[in-house]
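J.: Please find one structure pasted underneath; my questions will follow.
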Number of protein chains: 4
Amino acid sequence: MIIVMQHTASAADLAAVVDKIRQAGLSEHVSRGAERTIVGAIGDERALSPAQFELMPGVERAMHVVKPYRIVSRESREGNTVVKVRGIPIGGEAIQVIAGPCSVETPEQMDAAAEAVRAAGCRLMRGGAFKPRTSPYAFQGLGISGLAYLQNAARPRQLPIVTELMDVRMLEVFLEYDVDVIQIGARNMQNFDLLKEVGKVNKPVILKRGLSATLSEWLMAAEYIAAGGNHNIIFCERGIRTFETAYRNVLDITAIPALKRETHLPVIVDPSHAGGKAWMVPSLALAAVAAGADGLLVEMHPKPCEAWCDADQALTPQELSALMSSLRGVAAAVGRTL
Amino acid sequence: MIIVMQHTASAADLAAVVDKIRQAGLSEHVSRGAERTIVGAIGDERALSPAQFELMPGVERAMHVVKPYRIVSRESREGNTVVKVRGIPIGGEAIQVIAGPCSVETPEQMDAAAEAVRAAGCRLMRGGAFKPRTSPYAFQGLGISGLAYLQNAARPRQLPIVTELMDVRMLEVFLEYDVDVIQIGARNMQNFDLLKEVGKVNKPVILKRGLSATLSEWLMAAEYIAAGGNHNIIFCERGIRTFETAYRNVLDITAIPALKRETHLPVIVDPSHAGGKAWMVPSLALAAVAAGADGLLVEMHPKPCEAWCDADQALTPQELSALMSSLRGVAAAVGRTL
Amino acid sequence: MIIVMQHTASAADLAAVVDKIRQAGLSEHVSRGAERTIVGAIGDERALSPAQFELMPGVERAMHVVKPYRIVSRESREGNTVVKVRGIPIGGEAIQVIAGPCSVETPEQMDAAAEAVRAAGCRLMRGGAFKPRTSPYAFQGLGISGLAYLQNAARPRQLPIVTELMDVRMLEVFLEYDVDVIQIGARNMQNFDLLKEVGKVNKPVILKRGLSATLSEWLMAAEYIAAGGNHNIIFCERGIRTFETAYRNVLDITAIPALKRETHLPVIVDPSHAGGKAWMVPSLALAAVAAGADGLLVEMHPKPCEAWCDADQALTPQELSALMSSLRGVAAAVGRTL
Amino acid sequence: MIIVMQHTASAADLAAVVDKIRQAGLSEHVSRGAERTIVGAIGDERALSPAQFELMPGVERAMHVVKPYRIVSRESREGNTVVKVRGIPIGGEAIQVIAGPCSVETPEQMDAAAEAVRAAGCRLMRGGAFKPRTSPYAFQGLGISGLAYLQNAARPRQLPIVTELMDVRMLEVFLEYDVDVIQIGARNMQNFDLLKEVGKVNKPVILKRGLSATLSEWLMAAEYIAAGGNHNIIFCERGIRTFETAYRNVLDITAIPALKRETHLPVIVDPSHAGGKAWMVPSLALAAVAAGADGLLVEMHPKPCEAWCDADQALTPQELSALMSSLRGVAAAVGRTL
């Protein structure tokens, strides 16, 4: 940790800071500059909290030098982690597209959706049985029967399923229905009790970025899962909240290279929630792959205009197929396959 | 709902929109302007979703006219709701200050804290037993024993207690320990399953605003609680996330008058989390009361420099007492009491 | 314009609104819904201001239906505008990369830079003679002699030049030095007097997006230029300001398809300022082209570690050449050429 | 400056950093920690740029220790600066309210406005002759004749005038018309050429905060003015841009104590532009004074519903008088006068 003293700090102020460092079992390194004295704390700085120094007299600010994340950090592991879902690799050379409807509605809808997913060449399927909705009066998802419809449509087509877990009490049911990838939604990125529980199971987890989460907070949320023993974590950028009102969110493409520099884990992108309109999805999806994403999470509905939620952001089966073929070209251009 | 047609929309496009409105059991009102045709849907517009219209050919945009919140809305009730906590009114003429440490640490610390809270003239006490921490390696709160320490210190001094509930599975324990006010933290503002559960109990709830939640989303989160039958809801503004890095959050003072225009429920402010530094707290607290807040949630620690978390934002007992006396003057100037 | 009345609005309130509409020479269309009465104003709504209605008794809100931009709007012109710079088309099938150093430093540096720009296959050159710097004590650019160095290095290599105009009093000098494209920087996007002046000359203008400008404000800034008679406008997305501190700005890739839907003018991207680090530039540049950008504005310095400003975001000549060849693949994949 | 080396940095990397420090005429102080080596540069760190270190091999990050502002900094001067405008002190014990219409419209309007300003007990008057408008088709202000109307109405009532300067070429006219306080608007906060020019004259300047300017950028903008020799600078907080759409801007009340900690110059608040609605103004104005503001800039129009711009945010003369009397109570409660 580095502690910057105020220019008016007294010798006693400095001595108190040094004392506090030593009490925590670290040693100090004092550097007197032209305008400020700086104190470095040598040892495991995780034992120290900047806040405790910043309220001491004569201290201007204190900051950690080492990043707070460990297991998910690139420093902890050489190379990239490839998360395998029923044998399908996420984070390797091949880009994976996970497609399907926003919400599970009926067995017929799911059957048509699964067929379209397979036909377009996607290898995993998504569908929401439990839906986080802004309004308590909106459709909240089919619940458990939704898990069954999703699994019934996907399994015969060898499509592993991805679905969102909102309530910690439902985890057991997810395991019963053999959900292949547990999705943690943006609103639950810092639902720490939920993170701790999925950290204890041996299932891949897609961790969506919170609406206004910094990269550091997102990495720490993943660290909660990893600290429990589950290292099969996939980050999913899905747009952040900004001042712009012309579209729902701003897809933060910069997060892709920046995150990949910090972590060895895979990073995918959800272009559907980011933009909120189907006509934006192809541009955003292509950009994501060009920027280095390891996969996509795309909404597709057999008949978007009849969709029970987020109707305006779902691609049609034809649009999904067309997107897959444009993606192939971009993937090749950046040395990846689809 | 209002649907604005594109300037290139055809007669068939318009007819399809009208059809869709009628199918939902509403009637239409078509207004042909100089540059755009506008369709109004007459009837209960909650049956319609803008998204379903926005993907129709020839539609430029569709929007609801009526606000989506009902029970919490000012339209639903005349006058202001006063939430009573063991007889102490929140939302009336008197401003209530809820004070106490960030986290419960030891029985001795809690005893000293409760004494200081009482001595300063505050009528409710706060303290965290379960702490939402960014890092899994940080102190996570004492848990259940923290509830006991808090209650043991507060009860003899007739101080109702306020503490945060993070995990739906702990609600029963909160009821056992007779927690007086359940706090829902910023990170859980859209943890809908948690909201639904606290909606079923008969306890006042402080609902903190999410870090980047709009007023509308916040009101809808309250609506989740209210829809379950629990109308004892207190909104708590605690700073929003912006681009500014000179302080932790930006206290959104404008939210106070704006929220009070929309809802009949009380609005309080947490100046401690907003600024993140003890030296900012008095300015922010005075501003909140001047702007019309019904109360404050303030961090105070018997010895801030020994606090286990957020040490730099806690007031000392002396600072809390001093703040209470400045608050009295401002409260009087705006026609309130303390 | 649409005016939504409050649910408590009286007949007199409604009559006053209707009166005001008629006084402005428009006619009204009143639609009485189940919960709200809505008034449509028929005629040229630009004569009306929502603000004047919103302060009338009984009015909930008022909003324009027609977009406020005209000349730059897609509605004003079929197809895409191609801006020609000394014969080089921007906005057509070919993607143009404008490269060069952040600031003009010396004749030797500019000569080396121009050679590298040409060698990499870029067709236009950038370089700053007047630099907007956060600090008054930082290097402010060489000024007029910088224009000369830039022109002397670029002209022999047939590279049209792009450089930033900050001060309206310098416009004449820019014309004297035959600057080919005038760049308006992010901080001056709403320097309306500057916009008006460049609107009067017959030179292509690159209009960078303000740090927190909405698409609508950006389009209106372009409208200022267009209203003066100069329609040779190129939009340049360069990252927006958000809460994220891991990188300088967030490149708003969604702005590309969204802007192209609203305007017929070309849209380019500056990946260098967006990320602020050279290692991010290739990812962002590839993403921009994949998303549909018509060109790029890229910083390259013969020796980045000796650059007088923004040293950490400049590519080396080798990195620029490598980027050009990756761009070619992505451009081809989305049906463009480089 | 502090340079943090990567954990993988080699001895050669470190040597290169040390070399670069010495070449700039500073000396180094190397501190080897458990996980990172940290290098402190001893001497005038303004000679060094973090960017130039961050692109060196083995460097993780580099940061300045000393704040970049000098003249405006609290370190440069003991106590608070009181700016005098025709003998009226801004920044002392007395809080000053500057009131008047958004734009100068007619001599009659200005006469009525000046009379209302005086009657309410305000001691300075505002009015816009040159208006920065988002749309080129909106009313752009009366221009020079507006200055005359403003001065004619204000001078006989001993009200010094405050008006906005947008174009550097108009400065001379402002001096001719004896404008008492030059206002630099939010959109021009980083119009550096304009700042440099007003830095050369001997007139008080109100410097509004840019829509998304950090405190540091705002202080540096003031430093531009101060560096030219003009130290009569008044900061004006007027709301920042955030994700919230329920009101125009978020008044950043935290900026008041935070700015006052950094600078000796006065800080005032514009509650009218912040909220954008007249009904919010009293709450925001009271909060500003409670938080420590030295003054207010308030919009008042003799007949708001006839105002040519921003009609919905202007107070009536009666509302202004009522506000002044509530302000008196709050001012007294925080030890100030009005």
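Since every read-out is calculated from the coordinates, none of them should be taken as a lab result. Everything quoted here is computed from the prediction, not taken from an experiment. Methodologically, a virtual Cβ is constructed for each residue, glycine included, from the backbone with ideal geometry; neighbour enumeration extends over all protein chains shown.
J.: Sorted by packing (mean other beta-carbon atoms within 10 Å per residue), highest first, where do B:158-164, D:189-195 land? Walk me through the numbers before you get to the answer.
T.: Details: B:158-164: 22.4, D:189-195: 24.7.
Descending mean neighbour count gives D:189-195, B:158-164.
J.: Enumerate the calculated ³J(HN,Hα) couplings along the range B:144-156 in order (Karplus 6.51 cos²θ - 1.76 cosθ + 1.60, θ = phi - 60°), each rounded to whole Hz, writing x wherever the residue is Gly or Pro.
T.: Running phi through 6.51 cos²θ - 1.76 cosθ + 1.60 with θ = phi - 60° gives 4, 5, x, 4, 5, 4, 4, 5, 4, 7, 7, 4, x Hz.
J.: Something else now. What is the protein assembly as shown by shape, rounded, prolate or oblate, if you read a ≥ b ≥ c off the alpha carbon gyration tensor as root eigenvalues and call it rounded for a/c under 1.5, prolate for a/b larger than b/c, and oblate otherwise?
T.: Working: a/c = 1.06, a/b = 1.01, b/c = 1.05.
Judged from the Cα gyration tensor, the protein assembly as shown comes out rounded (a/c under 1.5).
J.: To the nearest 20 debye, what is the magnitude of the charge dipole of the range C:253-338 about its Cα centre, counting +1 on the Cβ of each Lys and Arg and -1 on the Cβ of each Asp and Glu? Mind dumping the intermediate values first?
T.: Values: 6 positive and 8 negative charges, 72 e Å.
Dipole about the Cα centre, nearest 20: 340 debye.
J.: For every helix of n ≥ 4 consecutive DSSP H residues, a contribution of -39,500 (n - 2.57) applies; sum these over the protein assembly as shown, divide by its total residues, and give [θ] at 222 nm rounded to the nearest 500 deg cm²/dmol.
T.: Using -39500 (n - 2.57) per qualifying helix, the result is -9500 deg cm²/dmol.
J.: Between B and A, which B residue has the Cβ nearest their rotation axis, distance in Å?
T.: B:Ser212, 2
J.: Distances longer than 36 Å among the Cα atoms of chain D: what percent of all pairs is that? Mind showing how you got there, number by number?
T.: On the way: 16134 of 56953 pairs.
The share of Cα pairs beyond 36 Å in chain D comes to 28 percent.
J.: For a quick check, take a GNM of chain B with Cα springs below 10 Å and name the residue from B:Ala227, B:Ala99, B:Ala47 with the largest mean-square fluctuation.
T.: It is B:Ala47.
J.: Give me, ordered by chain and number, the residues 5 or more places off D:Gly33 or on other chains with an amide H under 5 Å from its own placed amide H.
T.: D:Ile38
J.: No solvent, one uniform scatterer per C-alpha: report log10 I(q)/I(0) for the range C:213-328 via the Debye equation at q = 0.10, 0.16 1/Å, two decimals.
T.: Per q value, in the given order, log10 I(q)/I(0) is -0.33, -0.78.
J.: If you don't mind, there's one more thing I want to ask. Net charge near A:Met56, counting Lys/Arg +1 and Asp/Glu -1 over other residues with Cβ under 9 Å of its Cβ? Walk me through the intermediate numbers first.
T.: Working: positive: A:Lys20; negative: A:Asp13, A:Glu54.
That works out to -1.
J.: Another question, then. Ordered shortest first, which distances in nm separate the 7 Å Cα→C-beta label point of B:Asp178 from those of the other copies?
T.: 5.2, 7.5, 9.1
J.: Still on this structure, please answer the following. For chain A, modelled as a GNM with alpha-carbon contacts under 10 angstrom, which of A:Gly143, A:Gly87, A:Gly210 fluctuates the most?
T.: Its mean-square fluctuation being the largest, the pick is A:Gly87.
J.: Then there's this: Per residue of A:211-219, what is the mean number of Cβ atoms on other protein chains within 10 angstrom of that residue's Cβ?
T.: 5
J.: Calculate one ³J(HN,Hα) per residue across the range A:98-104 by plugging θ = phi - 60° into the Karplus curve 6.51 cos²θ - 1.76 cosθ + 1.60, and present them in order as whole Hz with x for glycine and proline.
T.: With coefficients 6.51, -1.76 and 1.60, one gets 9, 10, x, x, 4, 10, 6 Hz.
J.: Across peptide B:176-187, what mean number of C-beta atoms from other chains lies inside 10 Å of a residue's C-beta?
T.: On the way: counts 0, 0, 0, 0, 0, 0, 0, 0, 0, 1, 1, 9.
So the per-residue partner count for this stretch is 1.
J.: Now a separate question. How shielded is A:303-309 by partner chains, expressed as the average number of their Cβ atoms within 10 Å of its Cβ atoms?
T.: Numbers: counts 0, 3, 7, 1, 4, 2, 3.
Counting Cβ atoms of other protein chains within 10 Å of each residue's Cβ and averaging gives 3.
J.: What are the distances, in nm and sorted shortest first, from the label point of A:Ala119 to the label points of the same position in each other copy, with each label point placed 7 Å from Cα along the Cα-to-Cβ direction?
T.: Its label point is 5.3, 7.6, 7.6 nm from the equivalent points in the other copies.
J.: List the distances, in nm to one decimal, from the label point of C:Arg133 to the label points of the same position in every other copy, shortest first, placing each label point 7 Å from Cα along the Cα-to-Cβ direction.
T.: Label point to label point, same position, other copies: 3.8, 4.5, 5.7 nm.
J.: In addition: Two decimals is fine: what's Rg over Rh for the range D:2-63, C-alpha atoms, Kirkwood radius as Rh?
T.: Values: Rg = 10.4 Å, Rh = 11.3 Å.
Ratio of gyration radius to Kirkwood radius: 0.92.
J.: Another question, then. Order D:75-82, B:288-295, D:219-226, D:278-285 from most to least packed using the mean count of other Cβ atoms within 10 Å.
T.: On the way: D:75-82: 13.1, B:288-295: 28.8, D:219-226: 26.0, D:278-285: 24.1.
For the peptides D:75-82, B:288-295, D:219-226, D:278-285, the packing ranking is B:288-295, D:219-226, D:278-285, D:75-82.
J.: Taking amide H positions as placed 1.01 Å from N in the peptide plane, with prolines and chain starts having none, which residues 5 or more places from A:Ile206, or on another chain, fall under 5 Å of its amide H?
T.: Those qualifying (amide H under 5 Å, at least 5 residues apart or on another chain) are A:Ile182, A:Gln183, A:Ile184, A:Ile234.
J.: If you don't mind, there's one more thing I want to ask. Using the Cα centre as the reference, give the magnitude of the dipole from point charges on the C-beta atoms of the protein assembly as shown (Lys, Arg: +1; Asp, Glu: -1; all else neutral), rounded to the nearest 20 debye. Let's see the in-between values first.
T.: Values: 140 positive and 144 negative charges, 0 e Å.
Using only the charged Cβ atoms, the result is roughly 0 debye.
J.: Can I ask one more? Choose one of B:Ala34, B:Gln52, B:Gly92: the residue whose Cα lies farthest towards the positive end of the charge dipole of the range B:6-116 (beta-carbon charges +1 Lys, Arg; -1 Asp, Glu; about the Cα centre).
T.: B:Ala34
J.: List the residues whose amide H sits under 5 Å from the amide H of A:Glu105, counting only those 5 or more places along or on another chain, with H placed 1.01 Å from N in the peptide plane.
T.: HN-HN under 5 Å from A:Glu105: A:Met110.
J.: Okay, moving on. Taking neighbour counts of Cβ atoms within 10 Å as a proxy for exposure, in what order, fewest first, do A:His264, D:His7 appear?
T.: On the way: A:His264 19, D:His7 14.
With the fewest neighbours first, A:His264, D:His7 line up as D:His7, A:His264.
J.: Continuing with the same structure: Only Cα pairs within less than 10 Å get springs; with that Gaussian network setup on chain D, which residue of D:Pro156, D:Pro132, D:Pro302 has the largest fluctuation?
T.: Taking springs between Cα atoms under 10 Å, the residue moving most is D:Pro156.
J.: Starting from the Cα gyration tensor of the range D:1-148, take the square roots of the eigenvalues, sort them a ≥ b ≥ c, and report rounded, prolate or oblate (rounded when a/c is under 1.5, otherwise prolate if a/b is larger than b/c, else oblate).
T.: Working: a/c = 4.58, a/b = 2.66, b/c = 1.72.
Taking the square roots of the gyration eigenvalues as a ≥ b ≥ c, the range D:1-148 is prolate.
J.: While we're here: Based only on other Cβ atoms within 10 Å, what is the fewest-to-most ordering of A:Leu265, A:Leu175, D:Leu142? Before the final figure, lay out the partial values.
T.: Numbers: A:Leu265 28, A:Leu175 13, D:Leu142 21.
In increasing order of surrounding Cβ atoms, one gets A:Leu175, D:Leu142, A:Leu265.
J.: Then there's this: Any idea what the dipole of the range D:90-247 comes to, in debye rounded to 20, about its Cα centre with Lys/Arg Cβ at +1 and Asp/Glu Cβ at -1? Could the numbers behind the result be given before it?
T.: Details: 16 positive and 17 negative charges, 33 e Å.
Here the range D:90-247 has a charge dipole of around 160 debye.
J.: Using a Cα-Cα cut-off of under 26 Å, which lysines could be cross-linked to C:Lys196, ignoring same-chain neighbours fewer than 8 residues away?
T.: Output for C:Lys196: C:Lys67, C:Lys84, C:Lys131, C:Lys208, C:Lys260, D:Lys131, D:Lys196, D:Lys200, D:Lys208.
J.: Now for a separate question. With labels modelled as points extended 7 Å from the Cα through the Cβ direction, what inter-label distance (nm, one decimal) is found for B:Met63 paired with C:Arg61?
T.: Result: 0.5 nm between the two label points.
J.: Can you give the Rg/Rh ratio of the range B:115-188, where Rg is from the C-alpha atoms and Rh is the Kirkwood radius? Could you put the intermediate results ahead of the total?
T.: Working: Rg = 12.6 Å, Rh = 12.9 Å.
Rg divided by Rh gives 0.98.
J.: Output wanted: per-residue J couplings in Hz (rounded whole) for the range B:332-338, from phi through Karplus 6.51 cos²θ - 1.76 cosθ + 1.60, θ = phi - 60°, x for Gly and Pro.
T.: 4, 5, 10, x, 10, 10, 10
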